[in-house]
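Here the structure is laid out as C-alpha cells; the discussion comes afterwards.
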Amino acid sequence: MAATNGVWSEKILHLLRRMNNFYSTGSSRTRCLRFEIDGAQVGWVPPHVASLLRRHPQVFSPPQGGAVGLCPGLDSYESRSEAVDAVLRSLRQEDSITCLKGWRDEKYSVMPGCSDPPLMWMERAATSLFGVKRYGVHINGYTVGESGEVSMWLARRSRTKQTYPGLLDNVAAGGLAAGVGIRHTLIKECQEEACIPSAIAATARPVSTVSYTYEDEEGVFPESQFVFDLQLPADFRPRVGDGEVLEFHLLPIEKVKELLASDDFKPNSAMVVLDFLIRHAFIEPDSKAFYQELVSGLHQTL
C-alpha cells in the first residue's frame with residue numbers, strides 16, 4: 001500500500017511541477033520582459049512576443065530596464081485597451097501566433113493584483129502573450145450519503161472544446177470576465193454548464209484559491225482559481241446545458257483519487273479536486289508521500 005501511495009503522490013507531484021514550470025530551472029522566466037503599465041508590473045512578455053511588439057512603436061515603448069510598457073499617450077483604460085486590441089487583431093493574421101486562433105471575444109481585466117483597479121482589458125486568447133494574470137471560478141460539486149460517504153460530480157468536457165477536449169473537469173467552472181463578479185460567475189456557470197438552479201448554486205461556499213504559473217509554446221499563464229464547494233442534494237443530477245459538457249459522472253472519492261493521477265483530467269481542475277481532497281482530509285500527511293509539496297504546489301504566488 002505504501003508503494004502504491006508513493007506512485008500516486010509522484011504522479012500528482014509531476015502534475016504540480018508541470019503547472020508551476022515557469023519557476024523551474026531552464027524556463028524562459030529569466031529571458032522574459034516585465035509587462036508594466038504606469039510603473040506596475042501586470043505580466044511577463046516572452047522573448048518571441050517582445051520582438052513582435054517592436055513593430056508597433058505607436059503602442060509599445062522600446063524595452064528598457066528589463067521591461068516593456070505602453071506609450072505615454074495611452075493613459076486611460078479605454079485608450080490602452082483599444083490600442084492593444086488593434087495590435088492583437090493584426091497579429092491574428094500571423095500563423096505563428098497559435099493562441100490567437102482561439103479568439104473568443106471575451107474581455108479579461110489587466111491589473112497588478114486581483115483587488116487592484118483594472119488598468120485595461122485584453123482579449124482572453126491573448127493574455128498568455130503578455131503573461132497577464134487570469135482568474136476563474138471552479139466549483140466542487142459533491143454529495144453526502146446517509147452514512148456520511150462523499151461522492152463527487154465530475155464533468156466530461158465536450159469533444160469539440162477548444163482546450164482539453166474530452167477530459168474530466170469540475171462540475172462547473174469559468175473564467176472571470178472583465179467587470180463580472182465572482183459570485184455572479186459562479187451562478188452563471190452552474191446554470192449554463194450543469195443546469196444547477198441559482199437557488200442551489202447560491203449555497204456554494206468559498207473555501208480556497210488555487211494558484212500556479214506555467215508556460216508552454218503559447219506563452220505564460222499565471223492563473224488563480226476561486227474555489228467553491230457545493231453540496232448538491234442527493235437526488236439532484238446535473239444536466240448538460242450549453243454544450244460545453246459531454247456528460248456528468250457521480251463517483252466515489254476513491255475513484256476520483258485514482259483518476260486524479262491519470263491523464264484523463266484537465267490539469268488545473270485536477271488541482272482544484274486535489275485541494276478538496278486535502279481540505280476534507282481524504283489525503284493525510286501520514287498516508288501520502290510529499291504531503292507538504294502537494295499543499296504548497298496548489299498555492300504559488302503569482
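Structure summary
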item: Residues of type aspartates and glutamates that Lys11 reaches as a straight line, Cα spacing below 17 Å, ignoring anything fewer than 8 places off in the same chain; result: Glu254, Glu258, Asp263, Asp264, Asp275, Glu284, Glu293
item: Stokes-Einstein D (µm²/s) once Rh is taken as the Kirkwood radius of segment 1-151 over alpha-carbon pairs, at 37 °C in 0.692 mPa s; result: 183
item: Unsatisfied cross-links (Cα-Cα over 28 Å) in the set Lys107/Lys266; Lys107/Lys257; Lys133/Lys266; Lys101/Lys255; Lys161/Lys288; result: Lys107/Lys257; Lys101/Lys255; Lys161/Lys288
item: Beta bridges per DSSP with both ends in the chain, % antiparallel, nearest 5; result: 75
item: Prolate/oblate/rounded call for segment 151-302, Cα gyration tensor, a/c under 1.5 rounded; result: rounded
item: Cut-off under 5 Å, modelled amide H: who pairs with Ser158 long-range; result: Gly166, Val245, Leu246
item: Values of log10 I(q)/I(0), in the order q = 0.22, 0.26 Å⁻¹, for segment 29-90 under a Debye, Cα-only, solvent-free model; result: -0.89, -1.23
item: Under-5 Å amide H pairs with Phe60, H placed in peptide plane, nonlocal only; result: Cys71
item: Net charge of Cβ neighbours under 14 Å - reference Ser61; Lys, Arg +1; Asp, Glu -1; result: +1
item: CD proxy at 222 nm, helix term only [per DSSP H run n ≥ 4: -39500 (n - 2.57); per residue of the chain; nearest 500]; result: -8500 deg cm²/dmol
item: Cut-off under 5 Å, modelled amide H: who pairs with Met120 long-range; result: Val110
item: Listed values (1) 18.2; (2) 15.0; (3) 16.3, entry calculated as mean projected area of the Cα convex hull in nm²; result: (3)
item: In sequence order, calculated HN-Hα J values of segment 262-273 (Karplus, 6.51, -1.76, 1.60; Hz; x Gly/Pro); result: 9, 9, 9, 10, 4, x, 6, 5, 4, 5, 5, 5
item: Extension gain from Glu78 to Trp103, taking 0.36 nm per residue of separation minus the Cα-Cα distance; result: 7.0 nm
item: Rounded to whole Hz, the Karplus (6.51, -1.76, 1.60) HN-Hα couplings of segment 223-229, x for glycine and proline; result: 10, 9, 10, 7, 9, 10, 9
item: Candidates Gly131, Gly69, Gly102, ranked by Gaussian network fluctuation over the chain, Cα under 10 Å, top entry; result: Gly102
item: For segment 203-208, 3J(HN,Hα) per residue [Karplus equation, 6.51 cos²θ - 1.76 cosθ + 1.60, θ = phi - 60°, Hz, x = Gly/Pro]; result: 7, 4, 10, x, 10, 5
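Any read-out appearing in this document is the output of simple, stated calculations on the displayed coordinates, not a laboratory observation. As the structure is a computational prediction, the values presented were derived from the model and not from experiment. Reconstructed Cβ throughout: ideal geometry from the backbone, glycine too, with neighbour counts over all protein chains shown.
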